[in-house]
Every structure is written in C-alpha cells, then in structure tokens.
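To keep things clear, I will list the structure first and then write my remarks on it.
The values are calculated or read from the model by the stated rules, or taken from the named source; none is laboratory data. Since this is a predicted model, take the numbers as computed values, not measurements. Virtual Cβ from ideal backbone geometry, glycine too; neighbours counted across all protein chains shown. Ligands, DNA and RNA are stripped out before the accessible areas are found, and what is left, the full protein with its side chains, is counted by its heavy atoms. Shrake-Rupley method; radii C 1.70, N 1.55, O 1.52, S 1.80 Å.
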Amino acid sequence: GGLVFAVAFESLVKLLAFLLVGAFVTWGLFDGFEDIFARIRETPHAALLELGAGGAGGYVEWFALLVLSMMAILFLPRQFQMIVVEKYDEAHITKAAWLFPLYLFLINIFVLPIAYGGLLLGGSSVDADYFVLTLPYSHGKKYLALLAFMGGFSAATAMVIVESLALST
C-alpha cells in the first residue's frame, strides 16, 4: 500500500521533471523534434541515428542491450519487489498492464531530443547523463534544473528504500 504509493509518487515527480525538461529543450531551445533531428544529421554525430553496420551500435549490440534491459525489469530486487511481492490483487496486474507501458512511453519521449540537443549545443557524449540538469541551468532556467534534480533525487531515494526492503525480504 504505502510503499507502492511512495514509488508511484516518486515516479510521477521524475516523469513530470523529465517531461518539462524535454519540452524546454525540444521547443525552448530548438523548433521541435524535426529541427533537432535535422540538425543532428548535419554533424559528426549523425551515425547515432543509424542502427546497424554504419551506426554507433550494431544489431547484435542493440539486441543484447534489449535483453539485458528486459532481464533487469524482471530480476533486479527493486523490480521483483514491485512486480511480484507488492502485487497481491489481480486488479493491480490489470492496471499495471496498461499503466507501466504508458509510463515507459512517456519517460522515453524526450530521451533522444535531450541527448541530441546537448550534443548540438556543445556538450560531450561523455557528459550526456548530465544534460537533463545542465541544459536548463546553462540557459537560465535554474528552477527547472532544480526540479530535474529533485526528480532524480526522489528516484534515487525510492530506489534505496525499495532495494533495502527487497534485499531484507
């Protein structure tokens, strides 16, 4: 009950922060998705748009990452706690069957625009993890950067709590 609510609340905070940063980068710093993808095609980072032999990662690497991600959802203690231990009613599964894919879709909408936007604005691919914080902050949106930090901090806090509980169980 309470643990699921806490994780759901943390997920909403994280989702809201990420969507706001993504919207800021996509429409505040650029003129939409098309603009970002058109500009990235004109840079040395254009190979990131391709999957396969000419791209940054081949099909085998992509498939391996996909399998590892699926296994992480099923076998990491946090996911096991939320998927198996906390699901004691069939109605939870019915709701999660559409809510979890919707959440994954929404949280991933702005991943590429933020990553490409950071690269286009002079960021390094080494620092790409920080683009969610650095792009708003470096463009004078300190409160948006603070919200992004709070989203990440709430996610980390929930991970530690659920992970500790799952491992102790």
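Of note:
- Residue in segment 94-141 that is least open to solvent (accessible area, probe 1.4 Å), counting only those that are closer than 23 Å to Met159 by Cβ and more than 18 Å from the chain's Cα centre (by Cα): Ala96
- Qualifying positions in segment 21-47 - of a type in the set (A, V, I, L, M, F, W, C) and open to solvent by 80 Å² or more (accessible area, probe 1.4 Å): Trp27
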